[in-house]
Amino acid sequence: MERDAEAILREEIFQHLEELVGDTGVVTREQLWDFTLNGQTHRLIDRNRGIRNPKDMLATLSILSDPKGKYADEELHDSLFAYAYREGSVEGDNKKLRAALTHKLPLLLLRKIADGVFVPVPRVYVVADDQPNRQFLIALDDDLRMVSDPLKLQPLERQYAERVTKQRLHQPEFRGRVLRAYECRCAVCHLKHAKLLDAAHIIADGEPNGTPTVDNGLSLCKIHHAAYDENLLGITPDFEVRINQALLDEIDGPMLRHGIQEMHGRRLFVPAKDREKPGADRLAVRFAEFQAAS
Ligand SMILES: [Zn+2]
């Protein structure tokens, strides 16, 4: 395939994938395997390997990264994403990754969050072939292709790269993991509409213990997320919902009555797996803040 035609096809694939993924932010292996665009099937993932090199394309189409896998892909080298050379591939895989660099073709990064479930990050770029360390450096957005030397980022470039990593990788991953654990429902009111749900932090991002892990997350609808952040809604360490007393005493329309006051005393909906349940210690810290604000 010609370079420009391939660039256009890739963009069409990415746009269609973004629609398919919608607001849950995750995609399954089956969806990636049987991906249909304009009546044609494209395989966006390899059957067995972590890299997809379609025969009729000049360069690699997708790379898979498993934070728990044998390659240390998740390690960030100077804030760019490091993708280790594929073992045993002298020419094939690594050659096609090099082709992505030469032809400046965007790839799809697939972050594995569970068996057969991925958070897709389209439009990433190979920006350097770091031969001494046997890895490729991947920029997670377009602007990062312009850095002077990908192997040695300047302080401002590094700051920018870190912010991009957070926005393009860590935040979507957190959202995907949390929404999946909560079956795309609000933990308080059970609203089941991904577009109206947020992955809320129990302990804020940037504070000690404010990790982007499911046990520090809650799937909350927009209104309950805002109420939780404002300490108008509290959650006890044993998963009971409380509403601020002044708000309970207020008289207003159905949103206040059904949407907020009736949540008082309700059991929180939590994931079935213990390791995905909200951490009691973290809930306790936030519940103390809720009580202090009442
Ligand atoms: Zn809700």
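The values are calculated or read from the model by the stated rules, or taken from the named source; none is laboratory data. Just so it is clear, the structure is predicted and the values come from calculations on it, not from any experiment. Note that we place each Cβ from the backbone using ideal geometry, even for glycine, and neighbour counts take in every protein chain shown. Surface accessibility is based on the protein's heavy atoms, side chains included, excluding ligands, DNA and RNA. Shrake-Rupley method; radii C 1.70, N 1.55, O 1.52, S 1.80 Å.
Compute the Cα gyration tensor for segment 117-228, then decide on rounded, prolate or oblate, letting a ≥ b ≥ c be the square roots of its eigenvalues: rounded whenever a/c is under 1.5, prolate when a/b is larger than b/c in the other cases, and oblate in all that remain. Judged from the Cα gyration tensor, segment 117-228 comes out prolate (a/c at least 1.5, a/b above b/c). Using θ = phi - 60° in the Karplus curve 6.51 cos²θ - 1.76 cosθ + 1.60, the 3J(HN,Hα) couplings for segment 227-240 round to 5, 5, 5, 8, 6, 8, 10, x, 10, 6, x, 9, 6, 10 Hz; x is entered for Gly and Pro. Anything over 26 Å Cα to Cα? Flag those among Lys222/Lys277; Lys68/Lys277; Lys192/Lys273; Lys222/Lys273; Lys96/Lys152; Lys96/Lys195, in the order listed. Table pairs above 26 Å Cα-Cα are Lys96/Lys195.
Taking amide H positions as modeled 1.01 Å from N, with prolines and chain starts lacking one, the residues under 5 Å from Cys189 and 5 or more places away or on another chain are Cys221. A cut-off of 5 Å between modelled amide H atoms, ignoring neighbours fewer than 5 places along the same chain, links Gln135 with Tyr85, Asp130.
Taking the alpha carbon gyration tensor of segment 105-171, what are the square roots of 5 times its eigenvalues, largest first, to the nearest whole Å? Kindly include the intermediate steps, with their values, before the conclusion.
Numbers: eigenvalues 94, 43, 23 Å².
One finds semi-axes of 22, 15, 11 Å for segment 105-171.
Under 5 Å between amide H atoms, partner at least 5 residues away or on a different chain: which partners does Ile243 have, H built in plane at 1.01 Å? Here Gly234, Gly265 satisfy the definition. By the rule of a C-alpha distance below 12 Å, with chain neighbours fewer than 8 residues away ignored, the aspartates and glutamates paired with Lys104 are Asp4, Glu6, Asp142.
Compactness ratio of the chain: Cα Rg over 2.2 N^0.38 Å, N = residue count?
Working: Rg = 22.0 Å, N = 294, 2.2 N^0.38 = 19.1 Å.
Cα Rg divided by the expected 2.2 N^0.38 Å: 1.15.
Surface analysis of the chain yields an accessible area of 50 Å² per residue, using protein heavy atoms and a 1.4 Å probe.
If you take every DSSP beta bridge whose two residues both sit in the chain, what share of them, in percent to the nearest 5, is antiparallel?
90 percent
Per the Debye formula on identical point scatterers at the alpha carbon atoms of segment 184-293, with no solvent, log10 I(q)/I(0) at q = 0.22, 0.24 Å⁻¹ is -1.28, -1.50. Taking GluC sites (Glu not before Pro) as exposed when DSSP calls them loop and at most 13 other C-beta atoms lie within 10 angstrom, the chain has its longest site-free stretch at 92-182.
The Cα trace of segment 88-141 gives Rg and Dmax of 12.3, 33 Å, the first to one decimal, the second as a whole number.
Helix-only arithmetic for the chain: the sum of -39500 (n - 2.57) across DSSP H runs with n ≥ 4, divided by the residue total, places the mean residue ellipticity at 222 nm at -8500 deg cm²/dmol.
As a fraction of the 1.4 Å probe accessible area of the chain, surface on carbon and sulfur atoms comes out at 51 percent.
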